[in-house]
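The structure under discussion appears below in the form of structure tokens.
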Amino acid sequence: MSETAVVWFRDDLRVHDNETLAAAVEAADTVVPVYVFDEREHAGEGMFGLSKRGVQWGRFRREAVVDLRESLRERGGDLLVKDEVEREASVRDPVPAPEAVPTPEFGDAGESVPTLAELGHDPDAATVDDRGVLAFDGGESAAMDRLDAYVWEGDHLREYKETRNGLLGADYSSKFSAWLAHGCLSPRYVHAEVGRYEDERVSNQDTYWLVFELLWRDFFQFQFVKHGADFFDPNGIRDVEKEWRSGPEAREAFERWAAGETGIPFVDANMRELNRTGYMSNRGRQNVASFLADALAVDWRMGAGYFQARLVDYDVASNWGNWAYQAGVGNDSRDNYFNVLGQAERYDPGAEYVTHWLPELDGLPAEYAHRPWRLSEREQREYGVELDRDYRAPMLDLEARYDEL
Ligand code: FAD
């Protein structure tokens with residue numbers, strides 16, 4: 001059978017010293033070279049409201065792609081140039097709910113849905129801490145209420161991209177994930193509602209961004225269809241050998257991470273939120289995953305397994321796909337580590353989030369609330385926060401670690 005390889009050119013717009021191209025030519029009978037222009041990478045909005053790339057960068061890139069195509073043509077090939085897969089993807093309209101569902105008479109309709117205890121859960125653990133962002137009531141009715149509250153009543157969609165990295169409160173992001181994961185809410189319905197909102201209220205980068213995030217969800221679903229069980233391999237879907245710790249010391253480190261007892265407040269606050277509510281923001285998930293897989297080098301699958309056992313919105317593809325990505329064994333081989341301390345100070349500058357979940361640090365100035373190990377003994381007495389009495393001393397010198405990198 002003849003083999004075809006696809007070579008996706010990104011920042012390697014050349015034929016000389018191009019390992020990927022050379023390997024594809026060596027291994028396959030035919031090669032399909034592809035380049036995809038991404039508008040967002042060009043004039044899309046970057047940090048501080050500046051555009052992501054300048055016109056000179058854009059001009060150079062265009063010329064480089066044209067030149068690459070020429071080089072491939074000289075070698076009897078060609079370059080397939082596309083400008084976003086996304087535009088060509090169509091989303092079908094949601095199917096209306098049937099008016100009536102004719103059902104035969106049941107003798108016993110199974111009125112008694114099994115209790116949590118009968119299903120093997122501890123019912124006492126189901127009580128959600130009222131500090132959580134939302135109650136997350138199960139079911140389609142609650143999904144519709146949430147969509148209505150977030151999109152229409154609250155009118156939050158117009159600022160979604162701006163606020164989605166938030167940490168506190170119901171409305172910094174949609175919180176649709178649990179309903180999507182359980183199938184109580186159709187992603188196509190959300191897509192249609194975004195379209196209606198854009199027609200009736202406003203259409204901007206923020207409204208588009210919710211659809212863009214749903215595309216990530218789809219992306220991971222497709223990746224699972226493609227790679228299947230490889231996502232559960234320590235090296236994920238990549239052929240990279242990483243040294244993951246999984247012995248007794250790693251187990252101990254994992255237990256501290258899981259319990260929110262690392263002594264790194266931003267990690268602990270997020271883990272405690274997860275433990276007490278079943279939810280954690282996307283920003284939090286990325287940081288705690290990075291801390292476990294990167295800073296502690298603990299087998300990332302323990303973290304993914306822990307999320308699986310805790311998340312109200314657990315979804316196999318989104319969870320394992322994001323974890324693998326964060327651990328550098330998923331869809332991106334680049335080092336995806338997060339500077340957790342920098343992230344904490346950027347996304348929680350006043351330390352409101354950290355003290356929300358770690359009230360023992362309440363009253364500390366933000367700098368100390370994020371880095372309590374910097375408190376001198378005198379300051380510990382003054383603020384009434386003694387390390388290893390009121391709050392754990394850090395299990396790792398993160399500052400030294402980030403200085404080294
Ligand atoms: P919003 O910001 O409002 O996004 C809208 C929807 O887009 C989400 O509900 C979700 O369906 C989708 N989405 C957003 N970001 C992502 C993403 N990175 N990957 C896939 N879909 C995304 N999401 C899950 O639904 N289930 C999981 O088990 C899960 N595990 C994760 C594990 C890790 C380590 C990380 C980094 C992310 C994980 N996510 C998971 C993705 C993301 O964190 C959540 O979907 C999001 O935080 C849910 O909150 P929201 O509905 O308010 O999101």
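Quick look at the numbers
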item	result
GNM flexibility winner over the chain from R188, R201, R310 (Cα, springs under 10 Å)	R201
Net charge dipole size for the chain [Lys, Arg +1 and Asp, Glu -1 on Cβ; Debye, nearest 20]	860
For R245, residues with placed amide H under 5 Å, excluding near neighbours	V298, D299
Unsatisfied cross-links (Cα-Cα over 27 Å) in the set K161/K226; K52/K82; K161/K242	K161/K226; K161/K242
Charge dipole magnitude, Cβ of K and R +1, D and E -1 - region 117-212, Cα centre, debye nearest 20	420
Dipole moment magnitude, nearest 20 debye, region 104-166 about Cα centre, only Lys, Arg, Asp, Glu C-beta charged	480
Amide H contacts under 5 Å for S51, placed H, 5+ residues apart	G46
Helical contribution to [θ] at 222 nm, DSSP H n ≥ 4, -39,500 (n - 2.57), averaged over the chain, rounded to 500	-13000 deg cm²/dmol
Accessible area in square angstrom per residue, the chain, 1.4 angstrom probe	57
Gain in span if fully extended, E255 to A22, counting 0.36 nm per residue against the direct Cα distance	79.3 nm
Rounded Å value of the spacing that divides the Cα centres of region 203-240 and region 313-349	12
Long-range HN-HN contacts of L80 with modeled amide H, under 5 Å	V34, Y35
Whole-percent carbon and sulfur share, accessible surface of the chain, 1.4 Å	49
Summed side-chain charge close to R283 - residues other than R283 whose Cβ falls under 10 Å, Lys, Arg +1, Asp, Glu -1	+2
Gaussian network model of the chain, springs between alpha carbon atoms under 10 Å - residue of R285, R346, R301 with greatest fluctuation	R346
Space enclosed by the convex hull of the alpha-carbon atoms of the chain, per residue, Å³	219
Accessible-area order (highest first, 1.4 angstrom probe) of the listed residues T207, T30	T30, T207
Principal axes of region 121-220: Cα extent on each, largest first, Å	45, 25, 25
Selected from L375, L68, L185 as most flexible by GNM, with the chain as the system and alpha-carbon contacts under 10 Å	L68
Calculated from backbone phi, Karplus (6.51, -1.76, 1.60) coupling profile of region 28-39 in Hz, x at Gly/Pro	10, 7, 10, 10, 10, x, 10, 10, 10, 7, 10, 4
Surrounding net charge for Y391, when Lys and Arg each add one and Asp and Glu each subtract one, Cβ distance under 10 Å	-4
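The values are calculated or read from the model by the stated rules, or taken from the named source; none is laboratory data. Here the structure is a predicted model, which means the values were calculated and not measured. Positions of Cβ are backbone-derived with ideal geometry, glycine not excepted, and every protein chain shown enters the neighbour counts. SASA here: full protein model, heavy atoms, side chains in, ligands and nucleic acids out. Shrake-Rupley method; radii C 1.70, N 1.55, O 1.52, S 1.80 Å.
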